[in-house]
Amino acid sequence: AASTAQIVLQRLATAVQNCSAELVSGAILGEIDDLATKLFALSDNAKEQPDGKDSTDHAQGLGDAVLLTTNPGLELEVRREVVDVCGECNAIVPSPFGCPGFVLVSGASMDSLLTLRSVHEILNYEGHFTVPAKEEGAGDSKNGAKEGQKEGGELPEELVYIREQMKGFDLKGMKDAASFRVTSSCSGAQSFKSNECEREVGSVVHEKYKMKADMKNFDVAVRVDVCMRHVLVSTSPNRSLLSKRHKLAFTRTVTLKPNVAFCMIQMCEPKKQGFSLLDPFCGGGTVLLEAAEMFGDKAGKLFGCDRSDAAVKGSQANAKAAGNDKIEFQQMNAQAVDRKFAPDTFDAVVTNPPWGIRLSSDADL
């Protein structure tokens, strides 16, 4: 319950951050953040987890810990799959320290983790620390710059703190590497941008390991993910995303990610033999391609339709590229589905509906 409430609080924090700065003070954001951190400490799965008080000692007791990345909101589905695939682990923590889009796992074999379908990446967990909270009103700039931003090109004190903390890290993932790159993501009200964080951390890594930076042909990626005041540090080898598994001949600008499709299907609990599925807005066919791979020979009827002829032909091309001939695609308006099929034809409808707001459409779904 505490873990679930933690995620809910993080969603609230994200929603609040999208409000006008004139309406929301930093103190409110800080209170939400602190509550999320306390809920993490109360979580049943938070035992033996770091508290972030010492940036050079925070990963002790978590030797083989990894960070799994996913889409924010799917953390509990990832946790469910980890339990199903990896069995008993030392710890499985959705949204560790209130950071959405991550699941911290300790005690699972890498071979098992590499078979997960709900995640994007598997990162080597290097540690976590917390940037001290600023007093409300501190660091305000007269010229309208972001809170904490210094004048004259000086670094914000939060970024200085991150840089200094990174000097204390002994990154396990750097062993035997010849080149690296740094990537960073920032969420919440930050006084710096992600590329500024990448630059400062990259400088620290270069000086400490005497290693060249290479944005394309790197051996190790160093990740620094900043979520409000919490900083997750991880490393990973240069490998393809686990979620980039379908051979696609056709894509759209809003093509659904395979890991999201997997989680949507899993929510239907497709355990019976011959599970049948309908996608009335099939687009590029991702949902049905994922279902076909999940169910294999145990799949029932898999049917997708779309009113766009280009989408249907694209879905058929994608199925052919994947060597799958079990899925049926047809150009058809979703409103005609009930006339084509009997009510009990499918066990579930799984779909990514049209983006009505983006299309400025008031279509009645």
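Per-residue answers, yes or no, for (1) under 30 Å from Ala336 (Cβ atoms); (2) assigned to a loop (DSSP other than H, G, I, E, B); (3) open to solvent by 30 Å² or more (accessible area, probe 1.4 Å); (4) out of contact with any strand residue (DSSP E or B) (no Cβ under 7 Å at 6 or more places or on another chain):
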{"site": "Val233", "(1), (2), (3), (4)": "no, no, no, no"}
{"site": "Ser236", "(1), (2), (3), (4)": "no, no, no, no"}
{"site": "Lys244", "(1), (2), (3), (4)": "no, yes, yes, yes"}
{"site": "Lys247", "(1), (2), (3), (4)": "no, yes, yes, yes"}
{"site": "Phe250", "(1), (2), (3), (4)": "yes, yes, yes, yes"}
{"site": "Val260", "(1), (2), (3), (4)": "yes, no, no, yes"}
{"site": "Cys263", "(1), (2), (3), (4)": "yes, no, no, yes"}
{"site": "Cys268", "(1), (2), (3), (4)": "yes, yes, yes, no"}
{"site": "Phe281", "(1), (2), (3), (4)": "yes, yes, yes, no"}
The number of residues in region 145-167 that are open to solvent by less than 50 Å² (accessible area, probe 1.4 Å), at pLDDT below 95 and out of contact with any Gly (no Cβ under 9 Å at 6 or more places or on another chain) is 2
Quick count over region 321-354, residues being part of a helix (DSSP H, G or I) and open to solvent by less than 60 Å² (accessible area, probe 1.4 Å), is 4
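For region 283-295: of the residues being open to solvent by less than 30 Å² (accessible area, probe 1.4 Å) and not small (Gly, Ala, Ser), which is farthest from the chain's Cα centre (by Cα)? Spell out how you get there, then give the answer.
Within region 283-295, the subset open to solvent by less than 30 Å² (accessible area, probe 1.4 Å) is 283-292, 295.
Now restrict to residues that are not small (Gly, Ala, Ser): 286-290, 295.
Details: Thr286: 18, Val287: 19, Leu288: 22, Leu289: 21, Glu290: 18, Phe295: 25 Å.
It comes out as Phe295.
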Considering region 343-365, residues that are more than 30 Å from the chain's Cα centre (by Cα) and at pLDDT below 95, and then whichever is farthest from Leu288 (Cα to Cα), we arrive at Asp362
Gln273 fails exactly one of (1) in contact with a helix residue (DSSP H, G or I) (Cβ under 6 Å, 6 or more places away or on another chain); (2) open to solvent by 40 Å² or more (accessible area, probe 1.4 Å); (3) in contact (Cβ under 8 Å) with a residue 60 or more places away in the chain; (4) not small (Gly, Ala, Ser), namely (3)
> With respect to Ala261, is the statement that it is touching an Asp or Glu at 6+ places or on another chain (Cβ under 6 Å) and within 16 Å of Asn318 (Cβ to Cβ) true?
Replying inline: yes
Considering residues that are more than 18 Å from Glu158 (Cβ to Cβ) and among the β-branched types (Val, Ile, Thr), the number found within region 185-240 is 4
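When the residues of region 124-144 are filtered to those that are polar (S, T, N, Q) and farther than 19 Å from Val160 by Cα, which remaining residue is modelled with the highest pLDDT?
Selected residue: Asn124.
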When every residue in region 224-258 that is within 19 Å of the chain's Cα centre (by Cα) and among the charged types (D, E, K, R) is compared, the one modelled with the highest pLDDT is Asp225
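Is at least one residue of region 207-223 within 13 Å of Gly127 (Cα to Cα), touching a Leu at 6+ places or on another chain (Cβ under 7 Å) and at pLDDT 95 or above? Even if it seems obvious, please write down each step before you answer.
We begin by selecting, within region 207-223, every residue within 13 Å of Gly127 (Cα to Cα); these are 222-223.
After this cut, where a residue has to be touching a Leu at 6+ places or on another chain (Cβ under 7 Å) as well, the list is 222-223.
Filter once more, so that each one left must be at pLDDT 95 or above: 222-223.
Yes, region 207-223 has at least one match.
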Check: In this structure, is Glu293 outside any loop (DSSP other than H, G, I, E, B) and in contact with a Pro (Cβ under 9 Å, 6 or more places away or on another chain)?
Finding: yes
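Would you check if Val312 is within 22 Å of Ser243 (Cα to Cα), of a type in the set (Val, Ile, Thr) and open to solvent by less than 20 Å² (accessible area, probe 1.4 Å)?
Working: within 22 Å of Ser243 (Cα to Cα): no; of a type in the set (Val, Ile, Thr): yes; open to solvent by less than 20 Å² (accessible area, probe 1.4 Å): yes.
Judged against the criteria, Val312 is not a match.
Please work out which residue is farthest from the chain's Cα centre (by Cα), limiting yourself to region 152-180 and to residues that are acidic (Asp, Glu) and at negative phi.
In the first step, residues of region 152-180 are kept if they are acidic (Asp, Glu); the result is 154, 157-158, 164, 170, 176.
Then drop every residue that is not at negative phi, which leaves 154, 157-158, 164, 170.
Details: Glu154: 32, Glu157: 28, Glu158: 24, Glu164: 27, Asp170: 25 Å.
The residue in question is Glu154.
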Restricted to region 188-217 and to residues being more than 22 Å from the chain's Cα centre (by Cα) and part of a loop (DSSP other than H, G, I, E, B), the residue surrounded by the fewest Cβ atoms within 10 Å (Cβ to Cβ) is Lys210
- Please tell me if Asn318 is polar (S, T, N, Q), more than 22 Å from the chain's Cα centre (by Cα) and assigned to a helix (DSSP H, G or I). yes
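The values are calculated or read from the model by the stated rules, or taken from the named source; none is laboratory data. Since we're looking at a predicted model, the values are computed, not measured. FYI the Cβ positions are ideal-geometry reconstructions off the backbone, even for glycines, and counts take in every protein chain you see. For accessibility, only protein heavy atoms count, side chains too; no ligands or nucleic acids. Shrake-Rupley method; radii C 1.70, N 1.55, O 1.52, S 1.80 Å.
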